[in-house]
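Beneath this line is the structure, given in structure tokens, with notes to follow.
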Amino acid sequence: MKHTKKFLAIVSCILVLTGCGKGNVAPQKVGVSTQQGGMDNRILDPNITNQDLLLQRGDANIELEQRGYRAQDAASSTNGSIKILGGSRELVKVTPNHSIQPKDGSYVENVLSQAASYFGTPYEFSSDRSDPSTFDCSDFTHWVYLSSLGMDIPKDSRSQATYVQTFSNRTYTSIDQAQRGDLLFFVSYTGTNPDNYIGVDKSIGSITHVGMYLGNGKIIHTASAATGGVRIDEVANNHLTYRFVLGGSVLDTK
């Protein structure tokens, strides 16, 4: 009971998410809990991340139809023939279900409120896209948009990045330009040192991770089991910054 109350308190703190507007200059609405259990440094701790094969892999080469292909297989697989989810799917622009009312006048708030409700949901590589009991990174972002606004965006990070690049009115390659509700895309983790990412291919074809920007320098995402499932992290001056490829809005479209 004690742990249940603590978890509910954490989620309540997150539901009143951080600021809005462009980059980190907008005023905060409210804060996010930084108490133990609300945010931690697991994703920044090289003692964890340098041994975390799921974090290093991201959602690269996931295939929903490959039944039974889960975290234990992902850690050791070298099968280069695994298909990318949605890789052959023609991109189709989707819009919010107009019967859904925007929260506080913005569909972004619907999306982020839904994202926060999944805080702590366990990570599973190649998770079932029809079941929100576990997520990998792109299943999380796909499910949030589908369940909050009825928007069936692509199901893996590379296809989601292609979708944003194709349809968004606002894309960027500097993480400083991120706005509340944007999808942020990253290459694979190879270490905590910025030198690890010098010369790394940062094309869409190298993307392996996606998360959602909350504002005020914070991202909500899920990266691996060892880092704790759906979580909130700072994106500035750490490996997430060094790994950043592309960002943009799913809602502000052409």
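Could you pull out every residue, at least 5 positions away or on a different chain, whose amide H is within less than 5 Å of the one on Tyr172? Hs are placed 1.01 Å off N in the peptide plane, and Pro or chain starts have none.
Gly247
Mind jotting down the distance between the C-alpha centroids of region 163-198 and region 202-241, whole Å?
Rounded to whole Å, the Cα centres lie 9 Å apart.
How large is ³J(HN,Hα), in whole Hz, for each residue of region 202-219 in order, when computed from phi with the Karplus curve 6.51 cos²θ - 1.76 cosθ + 1.60 and θ = phi - 60°, using x for Gly and Pro?
So the Karplus estimates, Gly and Pro as x, are 10, 7, 4, x, 9, 5, 9, 8, 9, x, 10, 7, 9, x, 6, x, 10, 10 Hz.
Once the other residues with Cβ under 11 Å from the Cβ of Ser138 are scored (Lys, Arg +1; Asp, Glu -1), what is the net sum?
On the way: positive: Arg129, Lys155, Arg158; negative: Asp59, Asp136, Asp139, Asp156.
Result for the neighbourhood of Ser138: -1.
Under the definition of Cα pairs under 8 Å and six or more residues apart, what whole-number percent is the relative contact order of region 164-254?
Relative contact order here is 47 percent.
Assign one of three labels to region 128-254, namely rounded, prolate or oblate, based on the Cα gyration tensor with a ≥ b ≥ c the square roots of its eigenvalues; rounded applies when a/c is under 1.5, prolate when it is not and a/b is larger than b/c, and oblate otherwise.
Oblate.
May I ask you to list the aspartates and glutamates whose Cα is less than 13 Å away from that of Lys93, ignoring any residue fewer than eight positions away on the same chain?
Counting by Cα, and skipping residues close in sequence, Lys93 has these aspartates and glutamates nearby: Asp152, Asp252.
With the crude spin-label approximation of a point 7 Å out along Cα→Cβ, what separation in nm comes out for Ser130 versus Leu91?
2.8 nm
Under 14 Å Cα-Cα from Lys218, which aspartates and glutamates qualify once same-chain neighbours fewer than 8 residues away are excluded?
Excluding near neighbours in sequence, the set is Asp40, Asp176, Asp182, Asp233, Glu234.
Every number in this text was worked out from the coordinates using simple rules, so none of it is lab data. The shown structure was predicted, so the numbers you read here are calculated from the model rather than taken from an experiment. Using ideal geometry, Cβ is built from the backbone for each residue, glycine included, and neighbour counts are taken over all protein chains shown.
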